[in-house]
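*Asks:* Below is one structure. I have some questions about it.
None of the figures in this text is laboratory data; all of them are computed from the coordinates on show. Computed from a predicted model, the values in this text were never measured in an experiment. Reconstructed Cβ throughout: ideal geometry from the backbone, glycine too, with neighbour counts over all protein chains shown.
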Amino acid sequence: MAYETILVEVKGKVGVITLNRPQALNALNVQLIADINAALDGFERDDNIGCIVMTGSEKAFAAGADIKAMQERSYPGTYLDDKFADWDRIGQRRKPIIAAVAGFALGGGCELAMMADFIIAADNAKFGQPEINLAVIPGAGGTQRLTHAIGKAKAMDLCLTGRFMDVNEAERAGLVARVVPLAELMTETLKAAEQIASKSLPSLLSAKESVNRAFETTLAEGLRFERRVFSALFGTHDQKEGMAAFIEKRKPEFKNY
Ligand code: CAA
């Protein structure tokens, strides 16, 4: 399938989505979000895919929602058409997603990166929620996911001042899982993605769902959830295979069931 605003590739068991509106620093418009969702739908359906990578260009992961497309919007229109419901679908995917971020990840770009399960950032990456400069606020989860990720003090600092955070500060704050030189961003990210994709899919989906529970429920309920999921995995072929392979000192052959 040909897309207008993204490039889509499959590398082994990894699906790669590259945002591709260079003239607008990958500003996120309705088409781009629809294209990402269509590509993710395909990767979620494809049993061969075990991990997904979302990336942009060296200059910009994405410089935010498309300001030119938003400028003339009205209050009831924005409220009623609820375009962010389409963005939400990106954050609700079941397979692991890594954001490989170089350059600007601002506003909706930072929010999109935070919808991934973790971020690997190039040493030139810059993160921020500069919506306040436009007299609005983050609208695709920034006030919530950023606060979960880096705490109230820094989230308030970024959302109220609109300043950008460099990659070292972002790593110290816990927004970014790994920092790598710009030239190695894709090789390092693909290495991580291949490592993930080599695991058994039921355990990957379960791990993702369980970690995400930590953000949605109490510790006691989260622990109960984890225990139920842990027990359930003993009903899979791959659990038997994984443990047998360990004991027999060989590589496991997972079948995703
Ligand atoms: N929307 C639309 N177009 C954008 C854009 C955006 N978010 N960001 C950049 N562009 C466009 C610019 O208008 C420019 O296009 P033209 O050449 O046609 O003028 C082109 O991309 C290149 O941008 P600059 O010339 O500005 O590049 P720069 O290197 O000088 O600056 C930048 C880079 C600091 C990222 C600057 O472009 C910038 O501040 N962009 C806007 C960042 C922003 O405010 N993001 C939040 C958007 S609102 C939002 O995201 C809401 C939400 O929560 C979902």
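*Asks:* Within region 163-207, find all residues whose amide N lies under 18 Å from a label point positioned 7 Å from the Cα of Leu233 along Cα-to-beta-carbon.
*Replies:* 193-207
*Asks:* Next question. Quick check: the distance between the Cα centres of region 32-111 and region 125-145, to the nearest angstrom?
*Replies:* Region 32-111 and region 125-145 have Cα centres spaced 14 Å from each other.
*Asks:* Quick check for you: which residues of region 200-221 have the amide N under 18 Å from the point 7 Å beyond the Cα of Ala244 toward its beta carbon?
*Replies:* 200-203
*Asks:* Sticking with this one: How long is the gain from Val136 to Asp86 if the chain were fully straight, where each residue apart is worth 0.36 nm and the alpha carbon distance is subtracted? The partial results should precede the final answer.
*Replies:* Values: separation 50, 0.36 × 50 = 18.00 nm, distance 1.97 nm.
Additional length available on full extension: 16.0 nm.
*Asks:* As a quick test, which of the pairs Lys126/Lys251; Lys11/Lys68; Lys208/Lys249; Lys13/Lys249; Lys152/Lys199; Lys83/Lys154 have an alpha carbon distance above 31 angstrom in this structure?
*Replies:* Values: Lys126/Lys251 39 Å; Lys11/Lys68 34 Å; Lys208/Lys249 27 Å; Lys13/Lys249 24 Å; Lys152/Lys199 35 Å; Lys83/Lys154 28 Å.
Cα-Cα > 31 Å for Lys126/Lys251; Lys11/Lys68; Lys152/Lys199; rest within.
*Asks:* How many nm separate the modelled label positions at Ala220 and Tyr79, each set 7 Å beyond the Cα in the direction of the Cβ?
*Replies:* 3.8
*Asks:* Express in nm, to one decimal, how much length is gained between Ile67 and Asn20 on full extension, taking 0.36 nm for each residue of separation and deducting their alpha carbon distance.
*Replies:* Here the segment from Ile67 to Asn20 would lengthen by 15.2 nm.
*Asks:* Now for a separate question. Could you give me the percent of Cα pairs per 5 Å distance bin for the chain, shortest bin first, beginning at zero and ending with the bin that holds the maximum distance?
*Replies:* 1, 6, 12, 16, 18, 17, 12, 9, 5, 2, 1, 0, 0
*Asks:* Whole percent per 5 Å bin, from 0 to the bin with the longest distance: what is P(r) over all C-alpha pairs of region 155-257?
*Replies:* For region 155-257, the binned pair fractions read 2, 10, 12, 14, 15, 15, 14, 9, 4, 3, 1, 0 percent.
*Asks:* Further, regarding this structure: Going by C-beta contacts inside 10 Å, put Cys110, Cys51 in order with the fewest on the left. Could the numbers behind the result be given before it?
*Replies:* Details: Cys110 34, Cys51 27.
Final ranking by Cβ density, sparse to dense: Cys51, Cys110.
*Asks:* Rounded to the nearest 500 deg cm²/dmol, what is the calculated helix-only ellipticity per residue at 222 nm for the chain, with -39500 (n - 2.57) per DSSP H run of length n ≥ 4?
*Replies:* The per-residue figure over the chain is -13500 deg cm²/dmol.
*Asks:* Convert each backbone phi in region 16-33 into a coupling constant with the Karplus relation 6.51 cos²θ - 1.76 cosθ + 1.60 (shift: θ = phi - 60°), then list the ³J(HN,Hα) values in order as whole Hz, x for Gly and Pro.
*Replies:* With the stated coefficients, region 16-33 comes to 10, 10, 10, 5, 9, 10, x, 5, 10, 6, 6, 4, 8, 9, 4, 5, 5, 5 Hz.
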